[in-house]
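All remarks here apply to the structure that follows.
Nothing in this text is a laboratory measurement; each read-out follows from the coordinates by a stated rule. Bear in mind that the values here come from a model prediction, so they are computed numbers and not experimental data.
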């Protein structure tokens, strides 16, 4: 088996989906680490995910690449949701490129 010494640019995470019988089922999703563009135009770098100790909800951890370059978190499902503005649909964040 080949061992690649480079760090992975993908992080596998689980997030809950409600089934028709309202039980939470966990499905595998892959979030790519790297640069994303918010639908309003600013760029952010996804640096990983975090889990809330009480609820066990998954959050995306990301850093603003403008201004004070603050760290932010957003629920995983919200980070990837489609939103509507002025009758148009957008991905809240769109992947641009791997981290430098």
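Observations on the structure shown:
- Taking a ≥ b ≥ c as the square roots of the eigenvalues of the Cα gyration tensor, the range 49-100 is oblate, since a/c reaches 1.5 or more and a/b is not larger than b/c.
- Segment residue 90-residue 77, extension gain: residue separation times 0.36 nm, minus the distance between their alpha carbons: 3.2 nm
- Once the Cα-Cα distance is subtracted from the 0.36 nm per residue extended length, the residue 66 to residue 43 segment shows a gain of 7.5 nm.
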